[in-house]
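Written out below as structure tokens is the structure these notes cover.
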Amino acid sequence: MRTIILTGGGTAGHVLPQMALLPYIKPFFDKVVYIGGKGIEKSIAQQNGLPFHEITTVKLRRTLTLKNLLIPFKLWKGVREAKKILKELKPDVVFSKGGFVALPVVLAASSLGIKVVAHESDMSLGLANRLTANKCQTLCTTFPLNQKKYPQMVHTGAIIRQSIYHGNSDNIKLPPNGRPKLLIMGGSLGASAINQIVWSMLDSLCKHWNILHITGKGKHNESKQHVNYLQVEYLEAPQDAFAWTDVVLARSGSGTVSELLALRKPAIYVPLPKNESRGDQIQNAIFLQKLGVCEVLLQEELNEQNLIQTLERVYHNRQHYIDNCEEQDWIDGTAKIIDYLK
């Protein structure tokens, strides 16, 4: 019996790509098990019918706090718990999507001689992948990163949900009035900064655009209504929105940019600023802007005038962005990653 362990978490971006791999993993493995903490990975794995084993995990906080002093003790405990589970399951391979949740599992697997394949979504390695890169047989990357430091690094492209290629634009109920179509989204939790600027200029935007606005769970604003404006907190089938839209305004998390690039969608990215992240979204967005597939507006520079000007420029030159997207034939790495796991 061939067994694969999935691990990683902290955000949905570490977990959902692994769920996208499930249909392609299952033909080659008799048993698929998830090891993680009590965060979002637990609910997502269980919703997808995976056996789940919970271990102690610990996150490095990027501010000065006494909680960071507990990291070595919690990490040691998590590694010990993961070792016990791995000895029982005897997996053929561990697949890590990174995040602090993956760290104890990868360290435990390496100490037991179990092969590890990892995947890095962003333009630079996250902390967990940096700490465990030399424990991996293969470190797959979404973007073409510098391989000199890590000979086990291979550029595969992203894990892409294959469902995104099968959207139905008719499911988006906005009037077919000939206006260009704008999709606004801020990731799984929404983006308050993007929401606020859109709501502040909604009347101006709706004069020129049909707008589908995915606000994020708990961020619906009942006071903002317009005949050309549809506001939802979450879409179960985002592929319908992707099929419908002409231009996208979004954060630049790796999952978002990978899917939009695979679908050849012109985009304007407002990356999460450095004071709220490690700067990975800025790196993603700037790299793609250099390829000519998007435009970038930094959050601190976002205002009504430059947003309207950028939207108009991207829409009127959308074929230029689409053509540049089509030149990037490396983005969907789903099949390559499965080959390494096999």
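Coordinate-derived values only; no laboratory data. Note that the coordinates shown come from a computational prediction; the quantities given were computed from them, not determined experimentally. Reconstructed Cβ throughout: ideal geometry from the backbone, glycine too, with neighbour counts over all protein chains shown.
Brief remarks follow.
- Residues of segment 77-102 with an amide N closer than 13 Å to a point placed 7 Å from the Cα of Asp30 along the Cα-to-Cβ direction: 90-92.
- Annotation: lysines with alpha-carbon distance below 22 angstrom to Lys90 (same-chain offsets under eight excluded): Lys26, Lys31, Lys42, Lys77, Lys115, Lys135, Lys342.
- Radius 13 Å from Cβ of Asn228, net charge of other residues (Lys, Arg +1; Asp, Glu -1): +4
- Residues whose amide H lies under 5 Å from that of Ala158, counting only those 5 or more places away or on a different chain, are Asp332, Gly333; hydrogens are built 1.01 Å from N in the peptide plane.
- Ascending count of other beta-carbon atoms within 10 Å, so fewest first, for Thr7, Thr156: Thr156, Thr7
- Taking the chain and dividing mean pair separation by its residue count, relative contact order in percent (alpha carbons under 8 Å, at least six apart): 15
- Relative contact order [Cα under 8 Å, 6+ residues apart], segment 101-251, whole percent: 22
- Calculated [222 nm] ellipticity per residue, helices only, for the chain: -11000 deg cm²/dmol; basis is -39500 (n - 2.57) per DSSP H run with n ≥ 4, divided by all residues, nearest 500.
- Mean separation of Cα pairs under 8 Å and 6 or more residues apart, divided by the residue count, gives segment 3-155 a relative contact order of 22 percent.
- Under 5 Å between amide hydrogens, built in the peptide plane, is the criterion, and for Met153 it picks out Leu139 among residues at least 5 positions away or on other chains.
- Selection from Ile71, Tyr24, Thr11 lying farthest towards where the dipole of segment 1-116 points positive, charges on Cβ: Ile71
- Among Ile35, Ile282, the order by Cβ neighbours within 10 angstrom, fewest to most, reads Ile282, Ile35.
- For the chain, taking Cα atoms only, Rg and Dmax work out to 20.8, 62 Å respectively.
- Summing +1 for each Lys or Arg and -1 for each Asp or Glu among the other residues whose beta-carbon sits under 11 angstrom from that of Gly39 gives +1.
- Computed over neighbours whose Cβ is under 11 Å from that of Ser110, the net charge equals +3, Lys and Arg +1, Asp and Glu -1.
- Positive-end residue, the chain charge dipole about Cα centroid, Cβ charges, pick of His119, Gln328, Ile197: His119
- Prolate/oblate/rounded label for segment 165-326 (Cα gyration tensor, a/c 1.5): rounded
- Peptides 253-265, 328-340, 225-237, 123-135 ranked from most to least packed by the mean count of surrounding Cβ atoms within 10 Å: 253-265, 123-135, 328-340, 225-237.
- Going from the residue with the fewest nearby Cβ atoms within 10 Å to the one with the most, His14, His320 rank His320, His14.
- Residues whose amide H falls under 5 Å from that of Ala267, counting only those 5 or more places apart or on a different chain, are Val248, Glu295, with hydrogens built in the peptide plane.
- For Leu112 and Glu301, the difference between the fully extended length at 0.36 nm per residue and the C-alpha to C-alpha distance is 63.1 nm.
- Placing +1 on each Lys and Arg Cβ and -1 on each Asp and Glu Cβ, with no other charges, gives the chain a dipole about its Cα centre of roughly 1600 debye.
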